[in-house]
Amino acid sequence: MKRSKDTFKTSYQYRIVPNKQQSKQLNEWLYKLCRIHNLMLEERFKWWECNRSPVNACSIYITHLPEFKDQPTYYSQKRANHWSRESHDALYKGVHSQVIQEAIKRVEDTFNRFIKGDFKRHRSGKPRFKSVKRYRTFCFSQLKADCLTVSPNPHKRKNGKARRGIAQINLPKIGQVKVIYHRPIPEGFTIKTGLVSHKADGWYVTLLLEDKTIPSLTPPEIQANEENSLGLDVGLEKFWTASDGTVETIQQHYRKSEDKLAKLQNRKDKKPHKSASRRQLAKKISKHHQKLQRKRKQFHYESANQLVSRDEQVFFVEDIKSANLSRKNKPKQDANGKYLPNGQSAKSGLNKSINDASWGQFLSILIYKAAKAGKLVVKVKPHNTSQVCSCCDLLVQKDLSIRVHECLCGLILDRECNAAINIKRVGLGIFPTIKRPKRSPKTTTKEAHTNPKRV
């Protein structure tokens, strides 16, 4: 029986509190899965080094042609004799078979993204071998529907109200583990998979829930117009600026805690290597980073809820790629091969602020919240939206240091507000985005192309 793809799926994350024996077993599983990950990745790297150069494209006088080997796949690595339980009994003993299969599947996915790319042909970086500290998750691909049991708590609070129920989850080969059941699972949803992760403050399980009676969440079809739409421009001075002038102040969580983190890091570096005090400070630093991450995510959710609660039905946002904006500058060399200043030291501070703002996470949360509220988020190309005048369509080139838009037509407006108005106009098809021209030091303004075709 084939499972329908048109089903609603969501995920709930709960904190689990394993006992000492279970915690030791979970850490042992992570250690063994990390070793399996590195062994599988090493086999794939050996195949890739031996077979990546075709015979008709290399010289046999220079390049060594090794014996041809078949490409390792998920099924071949799962069933190969040299990875069998007989030869690596200590590595496989005690670990659930589905957990090992999911670890091998993860290796295949990361390696295929490096060789072939994703469905958009975007290749990722070369996968690297994991250390035990960096391997922190494993997955149960199948969990029983009744693995989570909740019983009422007989004790009550001081004010007489009932406490939350006592919950336990049955993980294969681990047993019953206590769960902090902070929110109930909705009726009609069944548990499909479980992802166990080890974070700075303890263990967590993420349950994938599915309800086949509810169709999958699809964005609504809304006809955008001038009244029911809003343009948004994100930035570093203001987190976002709307086309109607509304502004959301930026928080800069990492910037505010930068000095405290630097002091903790300096204290940690002065401690002896592999000492208990050094480990305690490292754990304290990781918890502080986790706190910053949660505060940033909460701010993004609150800001997205603020926008979704407005009367507008369509939100036009920038189609930006934060990874490209925070990319390192290319090195510069003279004729003798000496490296020249390339502005990377100044760019590093900007990259830190871009990563602290985390626009990509905010836009993904906004898309999800808008779809749940029956609204629409449309990404548009932001090229020159901050340079073009929103009143007369004149292209006024200005650097990032100039934060006020001044045009020959007399319009004086905040740079972000002018960009938000242009983003809305691009989304409505009133004015198209302009490809960035090559800047010339002689000319500072250039008349814009006003073809009203929709982009």
Fill in the blank from the handout: Applied in sequence order to the stretch 303-319, the curve 6.51 cos²θ - 1.76 cosθ + 1.60 (Karplus, θ = phi - 60°) yields integer Hz couplings, x standing for Gly and Pro, of 5, 5, 5, 5, 6, 5, 6, 6, 7, 5, 9, 10, 10, 9, 10, 7, 8
Exercise for the section: Work out the FRET efficiency for residue 23 and residue 150 from their Cβ-Cβ distance, taking R0 = 25 Å, and round it to the nearest 0.05. Expected result: 0.65
Exercise for the section: Highest first, please rank the peptides 29-39, 372-382, 399-409, 108-118 by the mean number of other Cβ atoms sitting within 10 Å of their residues. Expected result: 29-39, 372-382, 108-118, 399-409
Completion exercise
note: the stretch 202-314, Cα-Cα separations exceeding 19 Å make up a percent value of 68
Handout entry: In Hz, Karplus ³J(HN,Hα) per residue of the stretch 170-179 (6.51, -1.76, 1.60; θ = phi - 60°; x = Gly, Pro)
Key = 9, 9, x, 6, 10, x, 6, 10, 5, 10
Exercise for the section: Let me have the relative contact order for the chain, percent, based on Cα pairs under 8 Å that are six or more residues apart. Expected result: 14
Fill in the blank from the handout: Sequence order, the stretch 190-197: Karplus ³J(HN,Hα) from phi using 6.51 cos²θ - 1.76 cosθ + 1.60, θ = phi - 60°, Hz rounded, Gly and Pro as x, gives 10, 7, 9, 10, x, 10, 9, 10
Problem - Reachable aspartates and glutamates, given that their alpha-carbon falls under 18 Å from the alpha-carbon of residue 69 and they are not under 8 places away in the same chain - result: 42, 43, 49, 108
Problem - Sorted peptide list for 362-371, 16-25, criterion being average Cβ within 10 angstrom, highest first - result: 362-371, 16-25
Handout entry: Three-way shape call for the stretch 139-279 based on the alpha-carbon gyration tensor, with the a/c threshold at 1.5
Key = oblate
Problem - the chain - percent of accessible surface contributed by carbon and sulfur, probe 1.4 Å - result: 51
Exercise for the section: Return the distance in nm (one decimal) between the two label points of a simple spin-label model at residue 262 and residue 11, each offset 7 Å from Cα along Cα→Cβ. Expected result: 3.6
Completion exercise
Long-range alpha-carbon pairs in the stretch 364-421, meaning those over 20 Å apart, account in percent for 39
Exercise for the section: Compute the Rg/Rh shape ratio of the stretch 108-147: radius of gyration over Kirkwood radius, all on alpha-carbon atoms. Expected result: 1.16
Exercise for the section: Let me know the charge dipole size of the stretch 80-149 about its Cα centre in debye, to the nearest 20, where only the beta-carbon of Lys, Arg (+1) and Asp, Glu (-1) is charged. Expected result: 580
Exercise for the section: Using label points projected 7 Å from each Cα along Cα→Cβ, tell me how many nm separate residue 310 and residue 391, to one decimal. Expected result: 2.2
Handout entry: Charge context of residue 14, other residues only, Cβ under 11 angstrom, K/R +1, D/E -1
Key = +3
Problem - Kirkwood Rh in Å, taken over all unlike Cα pairs in the stretch 179-237 - result: 16.4
Practice task
Using DSSP, restrict attention to beta bridges with both residues in the stretch 276-432 and report what percent are antiparallel, rounded to the nearest 5.
Solution key: 55
Completion exercise
Kirkwood-based Rg/Rh on the Cα set of the chain evaluates to 1.01
Fill in the blank from the handout: Hits in the stretch 372-390: amide N under 14 Å from the 7 Å Cα→Cβ extension of residue 246, namely 376
Problem - Entries in 120/347; 274/295; 256/287; 9/381; 20/178 that, when Cα-Cα distance is taken, lie over 20 Å - result: 120/347; 274/295; 9/381
Practice task
Kindly sort 195, 171 by accessible area of their heavy atoms, largest first, with the probe set to 1.4 Å.
Solution key: 195, 171
Handout entry: Alpha carbon Rg of the stretch 282-356, scaled by the compact-globule rule 2.2 N^0.38 Å
Key = 1.69
Practice task
Sticking with the crude label model, points 7 Å out along Cα→Cβ, report the distance from residue 289 to residue 130 in nm, one decimal please.
Solution key: 1.6
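The values are calculated or read from the model by the stated rules, or taken from the named source; none is laboratory data. Note that this is a predicted model, so its numbers are computed, not measured. Methodologically, a virtual Cβ is constructed for each residue, glycine included, from the backbone with ideal geometry; neighbour enumeration extends over all protein chains shown. Calculation scope for accessible area: heavy atoms of the full protein, side chains included, ligands and nucleic acids excluded. Shrake-Rupley method; radii C 1.70, N 1.55, O 1.52, S 1.80 Å.
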